[in-house]
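Trainee: Pasting a structure below so you can have a look.
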Amino acid sequence: MTTHDSIDTTPQNDPENNWRHYFSFSTDHKVIGVQYMVMTFIFFLIGGLLAMLIRAELITPASNVVDRPLYNGLFTLHGTIMIFLWIIPFNAGISNYLVPLMIGARDMAFPLLNAISFWILPPSGLLLISSFLLPNGTAQSGWWSYPPISLQIPPGQPINGEFIWIVSIVLIGISSIMGAVNFVTTIFWMRAPGMTFFRMPVFVWSVLSAQLLQLVNLPSLTGALILLLFDLNFGTQFFKPLENGDPIIYQHLFWFYSHPAVYIMALPAFGIFAEVLPAFSRNPLFGYRSLAVASLGIAVVSIFVWVHHMFTSATPGWMRMLFMVTSMLVAVPTGVKAFGWTATIWKSKLHLETPMLFAMGGAAMFLLGGVTGVMLAAVPFDIHVHNTYFIVGHFHYIVFNTITMAIFAAIYFWFPKITGRMYAEGWGKVHFWLTFIGANLTFFPMLPLGLQGMVRRISSYDPRYQGWNILASLGGFLLGVSVLPFIANIVGSLLYGQRASNNPWLATGLEWTTTSPPPRDNFEEIPVVKRPPYDYGDPKYSVIEPHDYHQQEN
Amino acid sequence: MSRFLEYFLIASYIAVLLVISHWIGAQAYSWLPVEATAEAQKVDSLFSFLTAIGAFIILGLVGMMVYSVLFFRAPKNDYSEGHPSRGDIKLEVLWTAAPTLLVLWVAWQGFNIYQQLDILGLQQVVHLHTPLEEPASAASISDIPKPADETIEVFVKQWDWSFRYPNNVTSNELHLPVNRRTRLNMHAKDVLHSFYVPEFRLQQYIVPGRDIDLVVTPTRMGEYKLKDALFSGTYFALMDANVHIESLEEYNQWLTTAEQQPLAIKNQAVAEYTQPPKTLLKTGWYTVAPEPPAIAQSAPPKRLTANERKVMNDDT
């Protein structure tokens, strides 16, 4: 692997890396990547605060903290923000930062489009949140926005929470489609000489798979929402059941995107595991080709599983059976991934730094999320727990306990590369343990609650469910607290952290061969790739730099 | 010899895991509510089977991770290579084929149990009643509703359930005779709702404008709660109704009594709409006003259009 340690571009003497740059309309993929990540983290905090209000309401059976319309608005906006303004755009941000570096490109294929994709998001997000200020509040029909309930609006108010919700999500969707065009083009056409598909890191494979899904499936959601907007504001009857419209068609269009959306969120997380686990176990990624191809496999199979969200939606038996089988088949490529990660760790030399803790914790918790997912694909069982807290628990084991943990792993892992500074390891570990305990305390109780029949989205409940709800609420507050050491660590380390070398983890991958942070055009000269990825196990290939962060410590 | 020992230990671990996961699968029954229908027993056995398989996979892989954390730690600052193996084609084929067979097995079990449930029939769930949907002659066989001993009509609206019995008695309590196949013919008035009694292990969305059938066979006498499982607006959490499973004699007696004296009908949503509970944060945002319950319905409710639906603004 080519190294470029001779580049002496540091944040101080490179005007391109001036902090003001991060507040400008830059076309540099690294600046845009950081802009995405910082902005989405702010939305994560807002979404988290809404979740804590929800958990505060649910700590007692009665409705006594927020009134029912506000509660409905809280869970609607919590789900919407976390999906559309945290995980999906955060993944776009980290992918923006890393993909060109990982494939040896100077920038994304369409830098201006890239900047526009980002700058659509802040106004869309602000628009969405501003709907709390409307006289009749924000959208209240859940992040699914199923008609006809989403069409029950205050009479005579064309600008209402639901209208704002639809407009924001359509805009965010347009941003995602523009991003997807850019990612797919970049990965296909901008790879460095020698960077064949089977030399690409699994992270790049998973970004490619996720972005292909965006291209194929997202237009379906956009179309559904535009029809919903017409029903809402212009008197059409696409989804109005009492006027010969069909609300079930909306569910098909909605889930045709929103099920694959789970993989659009999860695939980059799987890619992060594939980068972090080998680096901290000093092993090559076990079964690299299988894991790479499994990314595409997940993408392809996941296009054909959407009806499993609709097993109880007046869905005929044959369709239930067909989609039961296809949904279960997703377990095959995801299983390949989980086995590959475990085999990578097996017989290794483990270093349990913060990124590794988050990656291993996330991978372990993914197993519970995945297994409950296979359970839910089994129609007779799904019919019992559909729309109960079992679904909420399963879903959060995926989106928080797996994906958000992976996101934290990524932030810690690439923090030295992005900022040129090391984070504080001790605070990182505090953050990990608070998050790991808090996440399990919050989301595990939801599984028994669902099995017992507690319905999701209720603002008051039968007192027999209170025990598990108290645990979940305490866990939720602990999760809220857990971000404080993270924020302190990131801000403190950014200002005062120890200077990082180019490759503090002695990791393989092109991004570690350039400076920390990388210069404007990423590499002094475009590297030529001659070796397989993850060559940790081969002494002749491994890059051990004598002047690294860890060596300096000695 | 050391390799033999390693294989022996792995085989022993798998054997222990099989015993533990089988035990966990047996425990799974106790995590669920009581079984009140014939269908519930079958769903629970599927859940137990899925839990056993899931426990085996989770414990197997998490066990390997924990073992690695305990025994494969690198000395500090030792960044040399761990193990040079990049893959093993036999192992990779094995761990692709094994889950494939496993999920096909699970799907087969799911299919069998679904057929045994026989709640809707595999051919047809929904009878579309739109003018465009003329019955096709070829579809006649699959359209025949499954036979049942009893048919009860279920009406649901924001935010109230009501049930009409064969003798035209209307109540907001669901009474079901034990051990008899009962057809629930369900109608929604305004938005989507979902019929769900956790002890029945059955759930079904009710779509306005469609007649949707669900056939249940209650097996355990007692009192249960019917819930609306699909979010239906402001007073969604109050969408409960009592379900009584009783002997045929008690059921018939209740029907006779109810026929003679009108039942007191209460609606929690209406009560809360007129007297909202005290909450820390109060917005007074718009809500659809719940309609006061009708006393008795002797004729099927006519389908309302959107203009006829009464929508009031909450000025509080």
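Trainee: Can you confirm whether region A:152-164 contains a residue that is at pLDDT 95 or above and under 29 Å from A:T513 (Cα atoms)?
Mentor: No, region A:152-164 contains no residue that is at pLDDT 95 or above and under 29 Å from A:T513 (Cα atoms).
Trainee: Return the residue satisfying two criteria in turn: it lies in region B:279-294 and is surrounded by fewer than 19 Cβ atoms within 10 Å (Cβ to Cβ) and at pLDDT 90 or above, and of such residues it is farthest from the other protein chains (Cβ to nearest Cβ).
Mentor: Across region B:279-294, the extreme among qualifying residues is B:A289.
Trainee: Spot the failing condition for A:S95; the list is (1) surrounded by fewer than 23 Cβ atoms within 10 Å (Cβ to Cβ); (2) farther than 13 Å from A:S175 by Cα; (3) among the small types (G, A, S), and only one is missed.
Mentor: Checking A:S95 against (1) surrounded by fewer than 23 Cβ atoms within 10 Å (Cβ to Cβ); (2) farther than 13 Å from A:S175 by Cα; (3) among the small types (G, A, S), the one that fails is (1).
Trainee: Another question about this same structure. Residues of region A:122-164 being β-branched (V, I, T), under 21 Å from A:P247 (Cβ atoms) and outside any loop (DSSP other than H, G, I, E, B), which ones?
Mentor: Result: A:I149, single match.
Trainee: Quick test for you: out of A:N114, A:N72, A:N91, A:N96, pick the one residue that is farther than 28 Å from A:F270 by Cα, assigned to a helix (DSSP H, G or I) and modelled with pLDDT of 95 or more.
Mentor: Just one listed residue meets the conditions, A:N72.
Trainee: How many residues are more than 9 Å from every other protein chain (Cβ to nearest Cβ), surrounded by fewer than 22 Cβ atoms within 10 Å (Cβ to Cβ) and within 25 Å of the chain's Cα centre (by Cα) when one looks only at region A:133-144?
Mentor: Residues in region A:133-144 being more than 9 Å from every other protein chain (Cβ to nearest Cβ), surrounded by fewer than 22 Cβ atoms within 10 Å (Cβ to Cβ) and within 25 Å of the chain's Cα centre (by Cα): 1 in total.
Trainee: Step by step: first the residues of region B:218-242, then only those that are surrounded by fewer than 20 Cβ atoms within 10 Å (Cβ to Cβ) and more than 8 Å from chain A (Cβ to nearest Cβ), then the one that is nearest to A:R68 (Cα to Cα). Which residue is that?
Mentor: B:D240
Trainee: At pLDDT 90 or above, exposed (fewer than 13 other Cβ atoms within 10 Å of the Cβ) and among the basic types (K, R): does that describe B:K76?
Mentor: Numbers: at pLDDT 90 or above: no; exposed (fewer than 13 other Cβ atoms within 10 Å of the Cβ): yes; among the basic types (K, R): yes.
The answer is no for B:K76.
Trainee: Kindly evaluate B:D44 against the criterion of being part of a helix (DSSP H, G or I), of a type in the set (D, E, K, R) and not assigned by TED's automatic domain parsing to the domain that holds B:V215.
Mentor: Here the answer is yes, as B:D44 does meet what is asked.
Trainee: Could we say that A:F254 is closer than 26 Å to B:L192 by Cβ, of a type in the set (F, W, Y) and either crowded, with 23+ Cβ neighbours inside 10 Å or touching a residue at least 24 places away in the same chain (Cβ under 8 Å) (or both) here?
Mentor: Judged against the criteria, A:F254 is a match.
Trainee: Take the conditions closer than 23 Å to A:S459 by Cβ and buried (at least 24 other Cβ atoms within 10 Å of the Cβ) and apply them to A:T388. Does it pass? Walk me through how you get there before you give the answer.
Mentor: Details: closer than 23 Å to A:S459 by Cβ: yes; buried (at least 24 other Cβ atoms within 10 Å of the Cβ): yes.
Yes.
Trainee: Just to be sure I understand the filter: pairs with C-beta atoms under 8 Å, separated by 6 or more residues or on different chains, first member in region A:165-180 and closer than 13 Å to A:L213 by Cβ, second member open to solvent by less than 10 Å² (accessible area, probe 1.4 Å) and among the charged types (D, E, K, R). Which pairs pass?
Mentor: Close Cβ pairs satisfying both conditions: none exist.
Trainee: Something else: Where residues in region A:22-65 are outside any helix (DSSP H, G or I) and polar (S, T, N, Q), which of them is modelled with the lowest pLDDT?
Mentor: Among those that are outside any helix (DSSP H, G or I) and polar (S, T, N, Q), it is A:S24.
Trainee: Could we say that A:T419 is crowded, with 24+ Cβ neighbours inside 10 Å and of a type in the set (S, T, Y) here?
Mentor: Criteria not met by A:T419.
Trainee: How many residues does region B:7-55 hold that are open to solvent by 60 Å² or more (accessible area, probe 1.4 Å) and over 24 Å from A:G450 (Cβ atoms)?
Mentor: Matching residues across region B:7-55 total 9.
Trainee: A further question follows. Answer yes if at least one residue in region A:73-80 is open to solvent by less than 10 Å² (accessible area, probe 1.4 Å) and free of Cβ contacts under 8 Å to residues at least 60 places away in the same chain, and no otherwise.
Mentor: Scanning region A:73-80, I find at least one residue that is open to solvent by less than 10 Å² (accessible area, probe 1.4 Å) and free of Cβ contacts under 8 Å to residues at least 60 places away in the same chain, so the answer is yes.
Trainee: Here are the criteria: (1) surrounded by 20 or more Cβ atoms within 10 Å (Cβ to Cβ); (2) away from chain B (no Cβ under 14 Å); (3) charged (D, E, K, R). Tell me which single one A:R456 does not satisfy.
Mentor: (2)
Trainee: Can we say A:P416 is away from every other protein chain (no Cβ under 14 Å) and either closer than 27 Å to A:P284 by Cα or more than 18 Å from the chain's Cα centre (by Cα) (or both)? I'd like the intermediate steps shown before the answer.
Mentor: Working: away from every other protein chain (no Cβ under 14 Å): yes; either closer than 27 Å to A:P284 by Cα or more than 18 Å from the chain's Cα centre (by Cα) (or both): yes.
Answer is yes for this residue.
Trainee: Considering each residue of region A:496-511, count those that are more than 23 Å from A:H21 (Cα to Cα) and not in a loop (DSSP other than H, G, I, E, B), and give that number.
Mentor: Qualifying residue count for the region: 1.
Trainee: Out of A:G235, A:G194, I need the residue that is more than 14 Å from chain B (Cβ to nearest Cβ), surrounded by fewer than 23 Cβ atoms within 10 Å (Cβ to Cβ) and on the phi > 0 side of the Ramachandran plot. Which one?
Mentor: Step by step, each of A:G235, A:G194 is checked, and only A:G194 is more than 14 Å from chain B (Cβ to nearest Cβ), surrounded by fewer than 23 Cβ atoms within 10 Å (Cβ to Cβ) and on the phi > 0 side of the Ramachandran plot.
Trainee: Go through region B:4-41 and count every residue that is assigned to a loop (DSSP other than H, G, I, E, B) and more than 9 Å from chain A (Cβ to nearest Cβ).
Mentor: Total meeting the criteria: 3.
The values are calculated or read from the model by the stated rules, or taken from the named source; none is laboratory data. Here the structure is a predicted model, which means the values were calculated and not measured. So basically every Cβ, Gly included, is an ideal-geometry build from the backbone, and we count neighbours across all protein chains shown. When the accessible area is computed, the model is the full protein with side chains, heavy atoms only, and any ligands, DNA or RNA have been set aside. Shrake-Rupley method; radii C 1.70, N 1.55, O 1.52, S 1.80 Å.
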